[in-house]
Amino acid sequence: MKNILITGGAGFIGSHLVRLMVNKYPQYNIINLDKLTYAGNLENLKDIESYTNYQFVKGDICDYEFVMNLFREKSIDGVIHLAAESHVDRSIKDPFSFANTNVLGTLSLLQAAKNYWGESGREGFKGKLFYHVSTDEVYGSLEQDGTFFTEDTKYDPHSPYSASKAASDHFVRAYFDTYGLPIVISNCSNNYGSYQFPEKLIPLFINNICNNKPLPVYGKGENVRDWLYVEDHAIAIDLIFHKGKNGDTYNIGGFNEWRNIDLIKVMIKTVDRLLGRPEGSSETLITYVTDRAGHDLRYAIDSTKLHKELGWSPSLQFEEGIERTVAWYLNNKEWLNRVTSGDYQRYYEEMYKE
Ligand code: NAD
Ligand code: TYD
């Protein structure tokens, strides 16, 4: 393989993956296809934008003709597909854009890969790979009973976001079963780290604590998420892309479960300490608000398969990861200010309107 198409490379996880790949593989051409929605930001890739093995292409994965031309023009050999609408709260307000990008966009990429690589029959699939990056949310919700999602857990999505990701996973497997397209899928737990758009729990709350703004905790704050440092996710994707078995699925997670309210208190202490405030003093900002509709109680990933078969484990302890993450947002206030202005502000005014 030589020419690798990464979709959604200007987003949170995509930008970390692009950075890893261009640094680690000078022999590859990394082509980053991104529409630059509110969540995509080329500033996330400033440090590598002049690399000769990196190229950015602005475009919409839903536009099949455009995608097909890109495959031809760049002689694409492999795809790592991350482009998506990714925020559950937005999916509740606007499910159509999730079905459009996550389902139809994925279908358009699959069809282009199949048609381009298969031009001379199935032989053309040799050495090619379509890697679909998905989420643990397709498995639904667990009770507080110590069980985990494995690769065999039945799909049971509850939000429009997870339903759209589940549908896209099914399409990817359908292309493997029906056309023999070489594919691999990974389902990962919640990521945290630098460059995450501040609408998701961790960057939103760090930003609000800094600005002494209320911290909107949904319900009682008892929902549980399994948190993985984003750079560890990028390392896992690289490994699965190169060593994963054709047609297989891998769960990625850090065995790192936190109740939201406990995680929020750790964030508060860390921000307070780094800002020189009395530790815990910002707890007064905690504001319990109406729960999210259809709020999944608990996610927990069993990543034993990835560990046993490909030798992956998370490299970072959570305490260190959260310290690094808080420090990054505090040191990158300009980034935060820019992405939290304009459209983003207007969106929130609309969303939290009574
Ligand atoms: P993100 O919202 O930060 O980034 C998504 C990127 O996709 C943005 O750069 C955006 O501009 C681009 N995009 C959106 N629609 C597009 C379109 N139609 N055409 C081209 N580009 C488009 O998302 P993220 O958090 O980095 O997630 C990346 C992928 O990983 C998603 O597929 C998501 O489902 C999956 N995932 C995310 C998490 C998480 O915790 N964030 C966990 C597991 C899996
Ligand atoms: P989020 O970062 O949106 O990820 P996901 O819903 O995909 O897991 O939310 C993480 C958890 O934090 C989830 O249980 C919802 C909760 N949450 C809040 O309590 N308040 C908030 O303002 C947000 C954005 C999330």
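Under the definition of Cα pairs under 8 Å and six or more residues apart, what whole-number percent is the relative contact order of the chain?
The value is 17 percent.
Taking the Kirkwood radius as Rh and the Cα radius of gyration as Rg, the stretch 174-245 has a ratio of Rg/Rh equal to 1.15. What the Kirkwood sum gives for the stretch 1-122 is a hydrodynamic radius of 14.7 Å, with every pair of different alpha carbons counted. Here the calculated FRET efficiency for K46 and D145, from their Cβ-Cβ distance with R0 = 51 Å, stands at 0.70, rounded to the nearest 0.05. Need one number for the chain: average projected area of the convex hull over its C-alpha atoms, nm². Projected area, direction-averaged: 17.0 nm².
A Cβ-based charge dipole, computed about the Cα centre of the chain with Lys and Arg at +1 and Asp and Glu at -1, lands at about 620 debye. With 0.36 nm allotted per residue and the present C-alpha distance subtracted, the K243-K213 stretch has 6.3 nm of extension available.
Between L297 and R277, the distance separating the two model label sites (each 7 Å from Cα on the Cα→Cβ line) works out to 3.3 nm. Taking the charge dipole of the chain about its Cα centre, with +1 at Lys and Arg Cβ atoms and -1 at Asp and Glu Cβ atoms, the residue from P157, F12, N223 reaching farthest to the positive side is F12.
Can you give me the accessible area per residue for the stretch 172-222, using a 1.4 Å probe, in Å²? Walk me through the numbers on the way to the answer.
Values: 1540 Å² over 51 residues.
On a per-residue basis, 30 Å².
Both the radius of gyration and Dmax for the stretch 79-186 are 15.1, 52 Å, in that order, over alpha-carbon atoms. Can you tell me the 0 to 90 degree angle between the C-alpha axis of helix 64-74 and the longest principal axis of the chain, rounded to 10? Orientation of helix 64-74: about 70 degrees from the principal axis.
With a cut-off of 8 Å between alpha carbons and a minimum separation of six or more residues, what is the relative contact order of the stretch 64-196 in percent?
Result for the stretch 64-196 is 31 percent.
Most simply put, the chain has about 10% antiparallel DSSP beta bridges, counting only bridges with both residues inside it. Among L142, T37, P198, which residue has its Cα furthest toward the positive end of the charge dipole of the chain, with +1 on Lys/Arg Cβ and -1 on Asp/Glu Cβ? Looking along the dipole axis, the top candidate is T37. Dipole magnitude for the stretch 7-117: computed about the Cα centre from +1 point charges on Lys and Arg Cβ and -1 point charges on Asp and Glu Cβ, it is near 200 debye. With both labels modelled 7 Å from their Cα along Cα-to-Cβ, the D152 to N3 distance reads 4.2 nm.
If the chain linking S97 and E123 were pulled fully straight, counting 0.36 nm for each residue of separation and taking away their Cα-Cα distance, it would gain 5.8 nm.
The values are calculated or read from the model by the stated rules, or taken from the named source; none is laboratory data. Since we're looking at a predicted model, the values are computed, not measured. So basically every Cβ, Gly included, is an ideal-geometry build from the backbone, and we count neighbours across all protein chains shown. Ligands, DNA and RNA are stripped out before the accessible areas are found, and what is left, the full protein with its side chains, is counted by its heavy atoms. Shrake-Rupley method; radii C 1.70, N 1.55, O 1.52, S 1.80 Å.
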